[in-house]
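The values are calculated or read from the model by the stated rules, or taken from the named source; none is laboratory data. Please read these numbers as outputs of a predicted model, since none were measured by experiment. Note that each Cβ is placed from the backbone with ideal geometry, even for glycine, and that neighbours are counted across all protein chains shown. Remember, those area values only see protein heavy atoms, side chains included, never the ligands or the DNA or RNA. Shrake-Rupley method; radii C 1.70, N 1.55, O 1.52, S 1.80 Å.
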Amino acid sequence: MSAQDELRVLLAVGDRALERRLQQELASAGLAVCGRCLDGPSLLERAAGTGVDVVLASAGLHRLSDGVLQALSERGLPLVLLAGGSPGAARLPGPGRVLPASAPGAIVAAALRQAASAGARPPAPAPGGAGAPDAEAPPAALPAGAPAGPADAAHAPPPRARGGRVLAVASGKGAPGKTTIAISVAALLAERGPGVVLLDADLRGGNVAPYLDLDPRRGLVGLAAAGGRLDSELQPGPGFRVLAGVERPELAAGLREEALRSVVEALRGRFETVVADLGVPPAAEVLRAADELLLVTGADLVSIWNARTALPGVRERAGRATCHAVLNRREGREHYDAGEVGRALGLPVLGVVREEREAARRAVARQIPLPAAGGRVTEDLRALAAALSVPDAAAPEQAPLEPEWLAFGLAGRS
């Protein structure tokens with residue numbers, strides 16, 4: 001099916017409020033809801049007819065048994081399942097994808113298109129740890145000022161043909177929670193597959209090592225030095241590997257640009273996903289290597305202004321990277337919503353993470369990623385990770401509004 005064809009979606013979620021939201025958002029994304037079902041048997045009966053390209057169902061749908069799911073799979077009907085809790089807990093016997101029920105409509109629409117394109121073909125088996133570090137392999141030496149050796153092109157995001165993807169996490173000045181988002185994304189992407197590394201690329205002095213109770217003396221500085229070895233500097237994190245950053249800002253003076261470039265390429269060659277937590281200003285060599293860029297902003301006026309101010313320079317250095325925004329720490333109607341922030345920045349907002357102070361305090365006290373601390377914020381972060389796992393999920397970029405919106409926006413809101 002071409003991207004231009006109107007995809008016919010059979011909706012089976014049961015929840016009226018969720019159903020209304022999905023109908024509106026899928027229609028906005030150019031998809032047609034061709035029918036609604038309230039339970040598993042009616043879903044199976046409706047799916048037996050013609051005029052359905054893909055099924056969107058809730059994992060909690062009444063009488064949605066394993067037998068119903070298996071029957072859909074045997075009929076070759078693509079399925080996207082919405083899970084109320086952890087997406088990994090949902091069962092999915094055939095081709096398809098599991099997303100959180102809170103996933104934005106643009107993400108759901110992208111997953112439906114992807115499932116329909118795959119048709120009845122089973123998903124390709126995951127490579128057996130191809131992107132993860134091999135404990136039995138000899139330590140990898142980092143050539144001084146030169147990229148690492150050839151990487152496995154099977155995991156390369158187009159148009160690149162070497163190794164895994166680099167996901168850079170940036171922000172404007174202030175403290176919108178960039179490092180918390182970077183750690184959370186690394187942890188949740190690691191749940192979906194092996195081969196994730198978190199690079200602390202804040203050259204002013206990164207916070208990843210103290211946040212996760214790791215040794216700040218091991219990491220970027222040691223690896224960038226002549227003869228530094230990747231295996232000796234990497235540290236185990238909660239489900240992923242960590243390359244700590246610069247312990248003190250003065251140590252960054254000895255980091256040459258070509259050495260930092262080599263670090264990124266070495267990580268790209270060893271891991272399927274490199275999550276890079278950038279500083280302010282961001283390291284130019286890491287930005288140039290990025291395949292995707294997340295710009296984290298708070299939901300208040302000052303944070304949005306800071307993000308908008310930083311964006312032109314960040315995008316110029318990021319080159320071909322796909323750019324998204326993440327709206328963090330949003331609480332109440334006094335804060336701007338995703339639509340307003342997207343228009344202000346001219347970027348699609350890939351995720352909205354609510355403020356939850358108790359969960360944040362638990363995460364810091366226990367030195368664990370925020371999703372592991374529980375609470376409503378876990379659902380938001382899982383939706384963001386799911387969005388990052390769907391190719392081409394973002395809506396087209398918007399033209400940013402004029403600066404006057406930011407200067408007088410709060411006064412003009414009802």
For the range 154-190: of the residues being surrounded by fewer than 22 Cβ atoms within 10 Å (Cβ to Cβ), within 19 Å of residue 288 (Cα to Cα) and of a type in the set (Gly, Ala, Ser), which is modelled with the highest pLDDT?
161
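How many residues does the range 336-355 contain that are among the acidic types (Asp, Glu) and not in a loop (DSSP other than H, G, I, E, B)? Before you say what the answer is, go through the steps one by one.
Narrowing the range 336-355 to residues among the acidic types (Asp, Glu): 337, 340, 355.
Narrowing the set further to residues that are not in a loop (DSSP other than H, G, I, E, B) leaves 340.
Here the count works out to 1.
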Would you be able to tell me the number of residues in the range 14-70 that are open to solvent by less than 20 Å² (accessible area, probe 1.4 Å), in contact (Cβ under 8 Å) with a residue 24 or more places away in the chain and assigned to a helix (DSSP H, G or I)?
7
Which condition number does residue 111 fail, the rest of (1) open to solvent by 30 Å² or more (accessible area, probe 1.4 Å); (2) of a type outside the set (Asp, Glu); (3) within 30 Å of residue 270 (Cα to Cα); (4) at pLDDT 50 or above being met?
(1)
Considering only the range 253-273, I want to know if a residue exists there that is in contact with a Pro (Cβ under 8 Å, 6 or more places away or on another chain), open to solvent by 10 Å² or more (accessible area, probe 1.4 Å), over 22 Å from residue 319 (Cβ atoms) and not in a loop (DSSP other than H, G, I, E, B).
yes
When you go through (1) in contact with a strand residue (DSSP E or B) (Cβ under 8 Å, 6 or more places away or on another chain); (2) in contact (Cβ under 8 Å) with a residue 24 or more places away in the chain; (3) buried (at least 18 other Cβ atoms within 10 Å of the Cβ) one by one for residue 203, which number turns out not to apply?
(1)
Considering each of 246, 197 in turn, give the residue that is touching a strand residue (DSSP E or B) at 6+ places or on another chain (Cβ under 6 Å) and not in a helix (DSSP H, G or I).
197
Can you tell me which residue in the range 324-349 is most open to solvent (accessible area, probe 1.4 Å), limited to those that are over 20 Å from the mean Cα position of the chain (by Cα) and under 27 Å from residue 110 (Cα atoms)?
343
Scope the range 290-323; condition touching a helix residue (DSSP H, G or I) at 6+ places or on another chain (Cβ under 8 Å), open to solvent by 10 Å² or more (accessible area, probe 1.4 Å) and in a strand (DSSP E or B); matching residues:
292
